[in-house]
Amino acid sequence: MATDNPADVLDNEELMHFAIEAAPNGMVIVDDRGTIVLANSSAESQFGYTRNELLGQPIERLVPPRFAQAHPQLRSSYLRRPKARAMGHGRDLYGLHRNGIEMPVEIGLNPISIGERVYTLATILDITERQRSQEMVHLAVEAAPNGMVMTDKTGTITLVNSMIETMFGYSRDELIGANIDMLVPERFRQHHPEVRHAYTARPVSRAMGQGRDLYALNKKGEEFPVEIGLNPLDTATGVMILASVVDITERKQQEESLKSALLEKEVLLAEIHHRVKNNLQIIDSLIGMQMEHVAGEQARAALMDSQNRVKTISLTHQILYQSQDFAHIDAGEFIASLTHNLVQSYGMDRARIDLELDVDPLILSMNRSLPLGLIVNELVSNALKHAFPESRAGKLTVSLKAESASRAMLAVTDTGVGLPSGRTGREGETLGLRLLEALALQIEADLKVRAGNPTSFQLIFDPRQMEADQVPS
């Protein structure tokens, strides 16, 4: 009766021959005297011999001369206690090609009993490509500009480069086989295994201790700051962790030096601010004292104008210092504060004169803000002194509008008595008007004056920082 079961057609010997011949790796069978009795086509390809050239030859033909002398003794030792295992565990093994070139191999041994004789089935794997890949990894690790250290899942160091030796002061031999915890400072060592296990449970490429300061320990027992990048690698022996270590001692020192320099600068700026403020207060006080000894109202008014200009400069420095930005100032906030100070200084009757502030936030450089503040000082002071005589009621409006990135408008408008006929300002060619024109020219503003009711002064200017505003490097 016909059957589809190969075992019914082929005997065990034929099945073994088919299995060995179909194997992707080289396979040879050696008798108890070390003679090759069978070889498959993969073994022919690996070693460059034909099958007929191998059969009946001693297995030492495939062993490099430097190992061939000791090989019979190793073979006899295996036959005394034969079992399935890897050959030369922990040692590098090499086979000998017909052309005399050695090749790295891995060999698995399996005993086969046929009758009273014991044969050995050797499975041979050519690992030349794998070794080349490993050598490339080793070369890349060695050539890396950072310290590179590889550990297994237990934290045992398996690979380091010369940068690690230099960084930690240990030789390669002292590090290989040791636990990575030896490079961790004592104060962190107790918790390090827990952190390592957590990483190996979910290994991903990432920075170690992100957001925390990391430190390593050198052979001298000295701690130093480091940055560490972790990369998991899948290998034949399991997941390995490749750590890139960078000594950031110099960077930390530079950061501390920079922080110290910034602190010194802040202290210096604070000292300068206080000195400027004190000097301006002295000038303000001197003008105030002088006003007490001046008889004429015109002279007193002139001194008050000067006093308000000093206060404007002082206010500019005060706002600039409080903003913690010593290069720029919010002109909207500055003008609002300045206007309120002027109203208080001139004792404006809020029941009679309505003050309206319509200012947009506008960041200007210091070199733009101070002239603009002085302009507001002149225009608002002039309106408060002259626009509303003899208990006249009205409205005073101060506005600052950022119309576009390159265009801003400052306007001071009042519904007072208007400008005298034929004049561009209530005081004619006074110091205030000459100062106004000079300040407008300084910020390259286009000054427009409307003498009707309401009276309006408009300055159109580019709020962007001009080249002249740049602080020299």
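Quick check on the range 257-416: take the gyration tensor over C-alpha atoms, sort the square-rooted eigenvalues as a ≥ b ≥ c, and tell me if it's rounded (a/c under 1.5), prolate or oblate. Could the numbers behind the result be given before it?
Values: a/c = 2.98, a/b = 1.34, b/c = 2.21.
Judged from the Cα gyration tensor, the range 257-416 comes out oblate (a/c at least 1.5, b/c at or above a/b).
With the cut-off at 1.5 for a/c, could you classify the range 269-346 from its C-alpha gyration tensor as rounded, prolate or oblate? Walk me through the numbers before you get to the answer.
Details: a/c = 3.87, a/b = 1.69, b/c = 2.28.
Oblate shape, in that a/c is at least 1.5 and b/c is the bigger or equal ratio.
Considering only Leu109, His89, Leu374, and ranking their Cα positions along the charge dipole of the chain that arises from unit charges at the beta-carbon of Lys, Arg, Asp and Glu, the one farthest toward the positive end is Leu374.
Of all beta bridges that DSSP places with both ends in the range 180-304, some 100 percent have antiparallel geometry. Probing with 1.4 Å while keeping every protein chain in the model, the per residue accessible area of the chain equals 58 Å².
Would you work out the charge dipole size for the chain about its Cα centre, treating the Cβ of every Lys and Arg as +1 and the Cβ of every Asp and Glu as -1, and quote it to the nearest 20 debye? Don't skip to the end; give the middle numbers.
Details: 47 positive and 62 negative charges, 151 e Å.
Charge dipole of the chain: 720 debye, to the nearest 20.
On full extension, the segment bounded by Gln442 and Thr235 gains 67.3 nm, given 0.36 nm per residue less the C-alpha separation. If both residues of a DSSP beta bridge must be in the chain, then about 90% of such bridges are antiparallel.
How much length would be gained if the chain were fully extended between Arg187 and Ser345, taking 0.36 nm per residue of separation minus their Cα-Cα distance, in nm to one decimal? Don't skip to the answer; put the middle values down first.
Values: separation 158, 0.36 × 158 = 56.88 nm, distance 6.38 nm.
Working it through step by step, the gained length comes to 50.5 nm.
Overall, the range 99-246 carries a charge dipole of about 400 debye about its Cα centre when +1 sits on the Cβ of Lys and Arg and -1 on the Cβ of Asp and Glu, all other atoms neutral. The structure-derived value of Rg and Dmax of the Cα atoms in Å appears in the list (1) 45.8, 144; (2) 22.0, 69; (3) 21.1, 67 under the label (1).
Run the accessible area of the chain with a 1.4 Å probe and give the carbon-and-sulfur part as a rounded percent. Please list the in-between numbers first.
Details: 14510 of 27390 Å².
Answer for the chain: carbon and sulfur cover 53 percent of the accessible area.
In terms of the mean number of neighbouring beta-carbon atoms within 10 Å, the peptides 184-192, 254-262, 408-416, 122-130 order highest first as 408-416, 122-130, 184-192, 254-262.
Note on Asn179 and Leu79: the model spin-label points, each 7 Å out from Cα along the C-beta direction, lie 4.5 nm apart.
Would you please classify the overall shape of the range 118-187 from the alpha carbon gyration tensor, given that a ≥ b ≥ c denote the square roots of the eigenvalues, rounded means a/c under 1.5, and beyond that prolate means a/b larger than b/c while oblate covers the rest? It comes out oblate by the Cα gyration axes.
The values are calculated or read from the model by the stated rules, or taken from the named source; none is laboratory data. Just so it is clear, the structure is predicted and the values come from calculations on it, not from any experiment. Counting neighbours? That spans all protein chains shown, and the Cβs are built from the backbone with ideal geometry, glycine included. We work out accessible area using only protein heavy atoms, side chains counted, and drop any ligands, DNA or RNA first. Shrake-Rupley method; radii C 1.70, N 1.55, O 1.52, S 1.80 Å.
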